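Input: a single structure, listed below in structure tokens.
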Amino acid sequence: MGNKIIKKENLAKEVVRMVVEAPEIAAKRKPGQFIILRVNENGERIPLTISDADPGAGTITLIFQVVGKTTMLLRDVPEGGEISDLAGPLGNPTHVDKYGVVCAIGGGVGTAVIYPIAKALKEAGNQLISIIGSRNKDLLILTKEMGQISDRLLVCTDDGSYQIHGFVTDVLKHLLEEGVHIDIVYAIGPLPMMRAVCEVTRAKGIKTIVSLNPIMIDGTGMCGGCRVGVGGESKFTCVHGPEFDGHQVDFDLLAKRLRVYPSEEEKARSSYQPKPK
Amino acid sequence: MNEEIKPSPSKVKTPRQKMPEQDASARTRNFQEVPFGYTPELAVREASRCVQCKKPKCIEGCPVNVSIPAFIKLIKEEKFTEAARKIKEENSLPAVCGRVCPQEEQCESFCILGAKGKDQPVAIGNLERFAADWEREHEGFIIPEMAKPTGKKVAIVGSGPAGLTAAGDLIRRGHEVTIFEALHKAGGVLVYGIPEFRLPKAIVQAEVDYLKKLGVRVFLNRIVGRSVTIPELFAQGYGAVFVGSGAGAPQFMNIPGENLNGVFSANEYLTRSNLMKAYAFPDYDTPIIRGTRVATIGGGNVAMDSARTALRLGAETSAIIYRRSRTEMPARAAEVHHAEEEGIKFELLTLPVRIVGNDKGFVQALECVRMELGEPDESGRRRPVRVPGSEFTIEVDTVVVAIGNLPNPLIPDSTPEIKTSPRGTIIAETDTGLTSMPGVFAGGDIVTGAATVILAMGAGKASARAIDRMLKQ
Ligand SMILES: Cc1cc2nc3c(=O)[nH]c(=O)nc-3n(C[C@H](O)[C@H](O)[C@H](O)COP(=O)(O)OP(=O)(O)OC[C@H]3O[C@@H](n4cnc5c(N)ncnc54)[C@H](O)[C@@H]3O)c2cc1C
Ligand SMILES: Cc1cc2nc3c(=O)[nH]c(=O)nc-3n(C[C@H](O)[C@H](O)[C@H](O)COP(=O)(O)OP(=O)(O)OC[C@H]3O[C@@H](n4cnc5c(N)ncnc54)[C@H](O)[C@@H]3O)c2cc1C
Ligand code: FES
């Protein structure tokens, strides 16, 4: 009794969008929540954000970057094929409120995570300024979707191959220098990006929410493997998060904790051989 | 000094029969079960030691009052399957309980043979295990007489011993039963916590398969409170809900360095190894740190399981760090004994105060201080106090924190109607498990706090009776 892959497409190099059958999760999920899946019987449990859902069709959308063995396995499940386990929705939903002007910042595949949150914040009546960025043009995702929900969308690339040349923080700084008023920032992407955004907003006193991605197993508060440092305390990301006040997060600790298994991950990755079709 | 008086040769009785087991040096290199179990000959010989007391005390010592002398008599008569079925009248998981119950504190502590101090008690646990294994391996489980379908639906939250037992009893009484389990495998602590070398997962799987055969539906990957809430279950037509969600939230010590890489809660360590089979990495994808010098903090079964798992993952040294003395250690006697045989070091009366890491954020050492026992505390055990100036450091690369688990807060947090104690346990009536929310019953570790398999099973039984009564009203 697995979950069927309804549709699969490449959004960018090694970034895959997958529509998966999961009627109960589709009906229940709220923005900011995630699932944990296992591709097969020998597989690892990995968390992925629910990027979108269609309760009518009974499906959810996942967008993931292929970084290691499990995401490679997932990439290679064909349309019509199944993954063995899917549990969710997990984590606390985003606190959707009317803040005024919201700035949603997505870096790399983090854009997939911020998309449902930004959409909900827009629907709640906020003015939405979005900044999305990636290393280069080929890695940009969801520019059209983000454009449709944003009052203003700014796109940047590290190498200048598309639109603004620079980091998302450069764009944010520029906005603030221009005098654009921002009530709250949501920043989701690679750790260095989230940390840099928090440095910018801390100086200006703008509340900033980040979504953390530590290594998880159960996602129900049972193992404590997902613990992160927030405001000097340990929090379990799966039950207390995944969103936290970015100004309170110990990014150094999280960066170190994400590098617990480098040699095992490499071993798993290099030994992976996709099944011949 | 007090030499025991040897009984005269004519009165020499059969000694307590040892269970054959893997040699300590061999078993620390594999994850296979340590004891092999009795042969029929050994079982019959051990069973013949039971003197069939008129007023058997052992039954009183059993939390679910198994008819112990009766099943032992059946073993003596070589009616092994009948013996198993006798046990199952009260205990639906004998293959599990025979392996993990703290018999030395329960049934066996009441055995008249042991009470006289000259002999050892009958090995009730070993016999229970033998009978249950025999039935499973030779006869298979029988489909019991099932009551006519009542048309009532019951939802069971969690598939640990409490949930499995409640499910079995309720389906037999004719109700439609569905288990909701958060993880991808059913069994609770029996699959994710207790290691293979102590409780083979095939045994737990056989119990789950049996329930399915009886008609119990098992929904995996369903987190009640997130995937579906209790009020929603009632709206879906369930007439009663039994919550057996366990005590699955790990506690940490709140000492510096606890978030370093290489520090695990016992739950994480054991879940990686057991449920995710990290010991078979890379055949299984989940990794685990295979430390060479491992320290496990705690003195219960969970700590023993972690320390022994560390050895099997290849540790050169594996130590238990416990702040009280040997006598206060809550682990089963058999586990401590096995751990010692396997070369686990015991640093007793020792309290960790800090975990030291390197610049990459990995564990390097554990700073400890020696303790001595002072006045008794609320639990009646003598409170350990620090010995000034006794600080010392142990070099380690892995630390497993096994100092206890708190009730899993997911259900209480998502269901404010269910009242909880300040400790976070669900408040439930003793005989029925009824909670403050109508139609919702609870039992096992979520009610008692971390306890035992047999108590969880007993609670599942009691609630099944109460739910049956309520539904038939
Ligand atoms: C709440 C949450 C939501 C997430 N949402 C998304 C998403 O929508 N899209 C997406 O592409 N990624 C997302 N991630 C990250 C994703 O889970 C990891 O990229 C994935 O687990 C990598 O697995 P792998 O076996 O392919 O790679 P590995 O070879 O295992 O690891 C590659 C990298 O991923 C990290 N990683 C490994 N295992 C885990 C794990 N169990 N949990 C988290 N990180 C891990 C490692 O630190 C490493 O840097 C999310 C993570 C969290 C915690
Ligand atoms: C490592 C270890 C060793 C032990 N050794 C022994 C021993 O030797 N002897 C002994 O008697 N006892 C032992 N114990 C204790 C014993 O295992 C527990 O007391 C017993 O398992 C409790 O049973 P339970 O049914 O209440 O809960 P659990 O076995 O904890 O099962 C609860 C189940 O509910 C699920 N769950 C939780 N929340 C939800 C939710 N919201 N929705 C759906 N499902 C949910 C969990 O995933 C889990 O599968 C040990 C415990 C551990 C951790
Ligand atoms: S993933 Fe296990 S506690 Fe969060």
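Bear in mind that the values in this text are calculations on the coordinates, not laboratory data. Predicted model only: the values in this text are computed from it and were never measured. Here the Cβ is made from the backbone with ideal geometry for all residues, glycine too, and neighbour counts use every protein chain on show.
Volume per residue of the convex hull around the Cα atoms, evaluated for region A:17-137, comes out as 110 Å³. Between residue A:30 and residue B:70, the simple spin-label model (points 7 angstrom out along Cα→Cβ) gives 5.3 nm. The alpha-carbon atoms of region B:14-173 define a convex hull whose volume equals 145 cubic angstrom per residue. Each of B:389, B:107, B:402 was scored by the projection of its Cα onto the charge dipole of chain B, and the greatest displacement toward the positive side belongs to B:107; charges sit on the C-beta of Lys, Arg, Asp and Glu.
Taking the Cα centre of chain B as origin and assigning +1 to Lys and Arg Cβ atoms and -1 to Asp and Glu Cβ atoms, the resulting dipole is close to 1020 debye. For region B:24-139, averaging the sequence separation of C-alpha pairs within contact (under 8 Å, six or more residues apart) and dividing by the residue count gives a relative contact order of 29 percent. Comparing B:64, A:130, A:272 along the charge dipole axis of the protein assembly as shown, the residue lying farthest to the positive side is B:64, per the Cβ-charge model.
Measuring r between the beta carbons of residue B:150 and residue A:255 and using R0 = 41 Å, the FRET efficiency lands at 0.10.
For the segment B:222-231, counting C-beta atoms of other chains within 10 Å of every residue's C-beta and taking the mean gives 4.
Here the residues A:145, A:266, B:33, ranked from fewest to most Cβ neighbours within 10 Å of their Cβ, fall in the order A:266, A:145, B:33.
What the Cα atoms of region A:121-198 give is an Rg and a Dmax of 12.3, 35 Å. Shielding value for A:170-177 is 0, the average number of Cβ atoms from other chains within 10 Å of each residue's Cβ.
Can you compute the charge dipole magnitude of region A:87-220 about its Cα centre, using +1 on each Lys and Arg Cβ and -1 on each Asp and Glu Cβ, nothing else charged? Give it in debye, rounded to the nearest 20. Mind dumping the intermediate values first?
Details: 12 positive and 13 negative charges, 24 e Å.
Charge dipole, region A:87-220, about its Cα centre: 120 debye, nearest 20.
With 0.36 nm allotted per residue and the present C-alpha distance subtracted, the residue A:204-residue A:267 stretch has 18.3 nm of extension available. Distances between every pair of Cα atoms in chain A, grouped in 5 Å steps from 0 to the bin holding the largest one, split as 1, 6, 12, 17, 20, 18, 14, 8, 3, 1, 0, 0 percent. Sorting B:175, A:181, B:184, A:174 from the fewest to the most surrounding beta carbons within 10 angstrom yields A:181, A:174, B:184, B:175. In region B:187-317, a dipole from Cβ-located charges (positive for Lys and Arg, negative for Asp and Glu) runs towards its positive end, and of B:315, B:236, B:302 it is B:236 whose Cα lies farthest in that direction. Here the spin labels are modelled as points 7 Å beyond Cα on the Cα-Cβ line, and at residue A:245 and residue B:333 they lie 5.4 nm apart. Expressed to the nearest 5 percent, the antiparallel share of DSSP beta bridges inside the protein assembly as shown is 50 percent. Working ranking of peptides B:150-161, B:269-280 by packing, defined as the average number of other Cβ atoms within 10 Å per residue, highest first, is B:150-161, B:269-280. Per-residue ellipticity at 222 nm, computed for chain A from helices alone with -39500 (n - 2.57) per DSSP H run of at least four residues, works out to -8000 deg cm²/dmol.
Let me make sure I get this right: for region A:72-168, a, b and c are the square roots of the gyration tensor eigenvalues over alpha carbons, sorted descending. Under 1.5 in a/c it's rounded, otherwise prolate if a/b > b/c, else oblate. Which is it?
Note, shape of region A:72-168 comes out oblate.
In this Cβ point-charge picture (+1 for Lys and Arg, -1 for Asp and Glu), the protein assembly as shown has a dipole of about 1220 debye about its Cα centre.
If both residues of a DSSP beta bridge must be in chain B, then about 40% of such bridges are antiparallel. Residues of region B:16-33 with an amide N closer than 11 Å to a point placed 7 Å from the Cα of residue B:39 along the Cα-to-Cβ direction: B:20.
Once you divide the Cα radius of gyration of chain B by 2.2 N^0.38 Å, the number left is 1.01. Shown here for region A:89-165: trypsin sites (Lys or Arg not before Pro) in loop regions (DSSP other than H, G, I, E, B) with at most 15 other Cβ atoms within 10 Å, namely A:98, A:135. Helix A:168-178 axis versus longest C-alpha principal axis of chain A: approximately 20°, rounded to the nearest ten. Computed from the C-beta positions of residue B:212 and residue A:10, the FRET efficiency with R₀ = 41 Å rounds to 0.55. The fewest-to-most ranking of B:60, B:41 by surrounding Cβ atoms within 10 Å reads B:41, B:60.
Below 8 Å, C-alpha to C-alpha, sequence gap of six or more: please give me the relative contact order for chain B in percent. About 15 percent, as a whole number. P(r) tail for region B:257-365: Cα pairs beyond 15 Å make up 63% of the total. Rounded to the nearest 500, the 222 nm mean residue ellipticity of chain B from helices alone is -8500 deg cm²/dmol, with -39,500 (n - 2.57) taken per DSSP H run of at least 4 residues. Over the protein assembly as shown, the hull volume per residue, using the convex hull of the C-alpha atoms, is 187 Å³.
The slack between residue B:390 and residue B:54, meaning 0.36 nm per residue of separation minus the straight C-alpha distance, is 115.5 nm.
Placing a pseudo-label 7 Å from each Cα along the Cα-to-Cβ vector at residue A:152 and residue B:427 gives an inter-label distance of 5.5 nm.
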